[in-house]
Amino acid sequence: MNRISIIGCGWLGLPLGRHLVREGYQVTGSTTSAGKMDLLRQAGIHPVLLKFSPEPQGNLQTLLEADVVIISIPPRAGQYGDAFHPQQIQFLAEALQGHANLHLLYISSTSVYPETNRELTETDEVIAEAPLIQAEHVLKQTGLPLTILRCGGLMGEQRIPGKYFIGKTVTTGNIPVNFVHQDDVIGIITQVLKQNVWNETFNVVAPEHPIRRDIYLKNAQDFGWQVPEFQETTNTQPFKIINSDKLITKLGYRFRYPNPLYFTYQPTP
């Protein structure tokens, strides 16, 4: 399985593709912007211009000439409505007909789990109407080997959680986080490919869960930002803690960044 296609070479897909090229894979990747074609070429990725609106516009068939298709399309539900992303995936699923040898890897999210004030595993109930769950179901119905990665809050590079709360008022400071570093997501995807682990669903979250207050304070200290104002609330704040033990056990994966307090970043592009 040496030929990898990445549908969506964005914040995660581009560095993933760059890493897989270094690992010896032949990588084809899609972008919605003609201006990014050269950027993909520079990373060693064969670029394809493709956009799902929600129907595919561009050269989708080139991306399906692969052993594995990695689907990394941000759902953008807020901008286009909840039905938009499942429609995108439905169009993709229809195009997959006749490609019986393909394997699929879908980037989902831990947002599919409700906030139940406890620890959750892959066997726990999900939000049935969540667009990502609908998309997962569509891909399962293709009958192709499929592994789903439900990622926590994706951090790394310029995505620094405290950056979004500089000088703001925070009422959820005591809520535990479910973050994962970009480098670990790339490492986990690489292990799925190398170990040929299919027809699995994994929670992809750093195994430690510090509270938001501690994360934001450390980010402010590290980068010299104004500290947020933390306010206690009388109401109980709902939360969830996502358990990633299955991933650690099944893949034998050791997180490079097990504690979000010590994530590394690149604060300037």
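The values are calculated or read from the model by the stated rules, or taken from the named source; none is laboratory data. Here the structure is a predicted model, which means the values were calculated and not measured. Quick reminder, even Gly has a Cβ in these numbers, built from the backbone with ideal geometry, and neighbours come from all protein chains shown. Quick note on the areas: whole protein, heavy atoms, side chains included, nothing else; ligands and nucleic acids left out. Shrake-Rupley method; radii C 1.70, N 1.55, O 1.52, S 1.80 Å.
Figures for the structure shown
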quantity	calculated
Probe 1.4 Å - accessible area at Trp11, Å² to nearest ten	60
Inverse mean reciprocal Cα-Cα distance (Kirkwood Rh) of segment 205-269, Å	14.4
Principal axis box of segment 84-159, alpha-carbon based, largest edge first, Å	43, 32, 23
Reduced Cα scattering model of the chain, Debye log10 I(q)/I(0), q = 0.08, 0.12 Å⁻¹	-0.34, -0.77
For segment 1-154, the fraction of alpha-carbon pairs in successive 10 Å shells from zero, as %	11, 41, 35, 12, 1
Pairwise Cα inverse-distance average, inverted: Kirkwood Rh of segment 120-169 (Å)	14.1
Heavy-atom accessible surface of the chain: percent carbon and sulfur, 1.4 Å	47
Cα principal axis extents for segment 135-269, largest first, Å	50, 36, 25
Crossing angle, helix 131-140 versus the chain [Cα axis fit, 0-90 degrees, rounded to tens]	30
Principal-axis tilt of helix 182-195 within the chain, Cα atoms, nearest 10 degrees	40
Where labels lie 7 Å past Cα in the beta-carbon direction, separation of Trp198 and Gln79 in nm	3.3
Choice from Asp245, Asp184, Asp38 showing the highest fluctuation, given a GNM over the chain with Cα pairs closer than 10 Å	Asp38
Degrees between helix 13-22 axis and first principal axis of the chain (Cα, 0 to 90, nearest 10)	60
Å² of accessible area per residue within segment 94-224, as computed with a 1.4 Å probe and no ligands counted	41
Rounded Å value of the spacing that divides the Cα centres of segment 106-149 and segment 225-266	19
Gain on full stretching of the segment that runs from Thr171 to Arg256 - 0.36 nm per residue minus C-alpha separation	27.6 nm
